[in-house]
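The block underneath contains the structure these notes are about, expressed in structure tokens.
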């Protein structure tokens, strides 16, 4: 049997692409999305890498696997929209401090920026997916900016909020953060049982090992989940495999 919801899994270098095509291949199902990362933060954009990785994985993974490109800033977005292979159906905009050159905590300019992002993507037939910082979900000093993550969905085609920090702080912080996202969805007339959340597999910082990650996954999925975004790094591929095996149902 396979799990009930699709996953998005990041890949930002050759080792990760090779792992997805190799030891992780059995965990990739129709409707899952591979997020090919280039040009985020202060890293240079390489459309060549994105296209090469996409071609390699298309040949290796099941038909019906989806592909996205992930970057920072409107300049990189425009380049990807123009030059990425047609199989790259979505572009993710990494919108967080020190990543997007025009990042601001002010919410109205943020929405305007996402409008511009969406226009660039849609002009070339790509889906626009916001990948915003999750700090504003419940970080007290940021409450005054009144971020509404459900409102983002009125400006882009989808949004994958970076919730991994709250998962790393334990059950209480995690359930509080996801409950707030559900409440925002409900207030906007959206189904509160169809969240997209992120977990990072690993050790330290915002990352957690597969065991606690499975607990966080089960906690949030009890009330419904539409898609799960997974960040990782090559040294933790075995732990990621344990997590992926654990979420098969």
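A short reminder: the numbers here are calculations on the coordinates, not readings from a lab. This one's a predicted model, so the numbers in the text were calculated from it and none came from an experiment. Virtual Cβ from ideal backbone geometry, glycine too; neighbours counted across all protein chains shown.
Observations on the structure shown:
- Computed over the Cα atoms of the chain, the ratio of the radius of gyration to the Kirkwood radius (Rg/Rh) comes to 0.94.
- A simple packing score, the average count of other Cβ atoms within 10 Å per residue, orders the peptides 38-44, 227-233 as 227-233, 38-44, with the highest score first.
- Set of region 1-40 residues, backbone N closer than 20 Å to the point 7 Å along the Cα-Cβ line of residue 238: 15-27
- Helix-derived mean residue ellipticity, 222 nm - over the chain, DSSP H n ≥ 4, -39500 (n - 2.57), to 500: -11500 deg cm²/dmol
- Separation between Cα centres of region 1-27 and region 193-221, rounded to whole Å: 16 Å
- Convex hull volume per residue for region 1-148, taking Cα atoms only, in Å³: 124 Å³
- Protection proxy ranking of 89-96, 214-221, by the mean of other Cβ atoms within 10 Å over each peptide's residues and highest first, is 89-96, 214-221.
- Packing-based ranking of 106-115, 46-55, 159-168 yields 159-168, 46-55, 106-115, ordered from highest to lowest mean Cβ neighbour count within 10 Å.
- Gain on full extension, evaluated as 0.36 nm per residue between residue 107 and residue 123 minus their Cα-Cα distance, stands at 3.3 nm.
- The GNM of the chain, with springs linking C-alpha atoms under 10 angstrom apart, assigns the highest mean-square fluctuation among 15, 81, 128 to 15.
- Residues 196, 30 arranged by fewest to most Cβ contacts within 10 Å: 30, 196
- Rg of the Cα atoms in region 1-62, relative to 2.2 N^0.38 Å, amounts to 1.15.
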